[in-house]
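The values are calculated or read from the model by the stated rules, or taken from the named source; none is laboratory data. All values reported here derive from a predicted model rather than from experimental measurement. Ideal geometry is used to build each Cβ from the backbone, glycine not excepted, and the neighbour counts take in all protein chains shown.
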Amino acid sequence: MLQISQIIQQAEDKLQQAFQRIDAVAYKNQEKVLNAFMENRIALRHFNPTSGYGYDDTGRDTLNKLVANCFNAESALVSPHFLSGSHTLCVALFGVLRPNDTILSVSGAPYDTLEDVIHKKGTGSLADFGVKYAQVDLVNDSFDKEAIVSAIQEYKPKMAYLQRSRGYSDRKSLTVAQIDEITEYIHGIDPDIIVFLDNCYGEFTEVTEPKVDLFAGSMIKNPGGGIAHTGGYIAGRTDLVELCANRLTTPATGFEIGSYAYGYRDFYQGIFMAPHTTAQSLKGAMLIGEVLSSMGYTIIGGNPEYDLIRSIQFNDADKLIAFCREIQYASPVDSFVTAYPWAMPGYQDEVIMAAGCFVQGSSIELSCDAPIRPPYIAYIQGGLTYEHIKIALSRALKAI
């Protein structure tokens, strides 16, 4: 029987060409980001802290321009006052949608943490404000164009909603080509429909970002490079981003206020590191999938070179928990902590979460979480360095 080190080495040998393609994407993205830094004349003064209202905060305003350039968007709103990816998406939805509008999700159900944002009555949800919801599921990991046409005719939605990553579903993540194609298709039916993308986990996995009207993500995922310690971004059409800025602050102030007493260096440095860090995570995710597949485990969904998340089906709650615990034990932070399933806010089942991260909840750092429900699937993502992912995988394999 092969030793764990031999199994990993065989997987690495098999993945060399894929790793070279990932490195090539990282190079192009790093060049793009560097050019954006130079074009915006980033200087030490942009890292300075501010206080109070934050009028004329050049660090904040230039950070918005930098991210817009990196993503080839008309405009961007980047803020440490976005508390999570879900909060960022929530601000975008409430910024754009109005009572009696309909949001049509064309990629199936959104991520678990948005369920209450959309549906839960009596909480200040979209439903409470009269925003309606309709859904079209993917078919064989592709958009169901006929069903989308019928839904547009029936519901006349203001917004078409897409989720790039697959969350806890078993579908593949969406590629830029798929997103661009369906965006053009929807605009061909009705050019006034706003195509909005949950871009979480997708940034810098390809050399371009999707050409949608509006998209949003978390700075403690890919675009923060493992350095940004909070925040999120919204990017896209200027008029739509301005509506989101009005929701984050007030309609009277929009982009004009918002100070940050800690300074913006971590955000700038995080964006600069993002292409490399994302590539490290992608290669680690591919290694995890290849190794566990060779050992007989089912790897669910995912486009290996575009998706940081690897989903491993254990069919056994004890093995699932043991695997997650070993990821925690192999973490640089809180390695002595034992992970247990618990009723985590915003989720529909008990969740076990291994996340010994420098930034709490950071999913660009190596982490592993799983709802405790059959068929007992672990979702492992992130990793600041490929070497750490490899070490943690070796330890987790011994536990199962």
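Side notes on the structure shown:
- Residue check for Ala252: aliphatic (A, V, I, L, M), outside any helix (DSSP H, G or I) and not assigned by TED's automatic domain parsing to the domain that holds Glu350: yes
- Here the condition is being among the charged types (D, E, K, R) and either closer than 17 Å to Gln280 by Cβ or in contact with a strand residue (DSSP E or B) (Cβ under 6 Å, 6 or more places away or on another chain) (or both); of Asp349, Asp334, it holds for Asp349 alone.
- Any hit, the range 86-94, residues being out of contact with any Lys or Arg (no Cβ under 6 Å at 6 or more places or on another chain), surrounded by fewer than 19 Cβ atoms within 10 Å (Cβ to Cβ) and under 30 Å from His119 (Cβ atoms): yes
- Any hit, the range 55-67, residues being in a loop (DSSP other than H, G, I, E, B), within 17 Å of Asn199 (Cβ to Cβ) and within 16 Å of the chain's Cα centre (by Cα): no
- Lone unmet requirement of (1) touching a strand residue (DSSP E or B) at 6+ places or on another chain (Cβ under 8 Å); (2) among the aromatic types (Phe, Trp, Tyr); (3) surrounded by fewer than 22 Cβ atoms within 10 Å (Cβ to Cβ); (4) closer than 29 Å to Ala18 by Cα for Phe272: (1)
- Among the residues making up the range 195-212, a single one is among the acidic types (Asp, Glu) and either at positive phi or not in a loop (DSSP other than H, G, I, E, B) (or both): Asp198.
- Hits in the range 164-218 (condition: among the small types (Gly, Ala, Ser), closer than 19 Å to Val136 by Cβ and free of Cβ contacts under 8 Å to residues at least 60 places away in the same chain): Gly167, Gly188
- The sole residue among Ala73, Ala147 that is at pLDDT 95 or above and either crowded, with 21+ Cβ neighbours inside 10 Å or in contact with a Cys (Cβ under 6 Å, 6 or more places away or on another chain) (or both) is Ala73.
- Condition broken by Pro304, with the remaining ones in (1) of a type outside the set (Ser, Thr, Tyr); (2) at pLDDT 90 or above; (3) under 22 Å from the mean Cα position of the chain (by Cα) satisfied: (2)
- Among the residues of the range 34-48, those identified as in a helix (DSSP H, G or I) and either without any contact (Cβ under 8 Å) to a residue 12 or more places away in the chain or of a type outside the set (D, E, K, R) (or both) are Leu34, Asn35, Ala36, Phe37, Met38, Leu44, His46, Phe47.
- Within the range 1-28, residues that are under 17 Å from Gly296 (Cα atoms) sit with their Cβ atoms under 8 Å from residues that are among the β-branched types (Val, Ile, Thr) and surrounded by 14 or more Cβ atoms within 10 Å (Cβ to Cβ), at 6+ positions apart or across chains, in these pairs: Ile7/Val291; Ile8/Val291; Ala11/Val291.
- Subset of the range 173-203 (residues that are surrounded by 20 or more Cβ atoms within 10 Å (Cβ to Cβ) and of a type outside the set (Val, Ile, Thr)): Ser173, Leu174, Gln178, Phe196, Leu197, Asp198, Asn199, Cys200, Tyr201, Gly202, Glu203
- Residue within the range 343-351 that is in contact with a helix residue (DSSP H, G or I) (Cβ under 9 Å, 6 or more places away or on another chain), polar (S, T, N, Q) and surrounded by fewer than 16 Cβ atoms within 10 Å (Cβ to Cβ) present: yes
- Count of the range 292-325 residues, restricted to those that are buried (at least 21 other Cβ atoms within 10 Å of the Cβ) and assigned to a helix (DSSP H, G or I), is 5.
- Criterion: in contact with a helix residue (DSSP H, G or I) (Cβ under 6 Å, 6 or more places away or on another chain) and not hydrophobic (A, V, I, L, M, F, W, C) - qualifying residue of Tyr386, Tyr379, Tyr329: Tyr386
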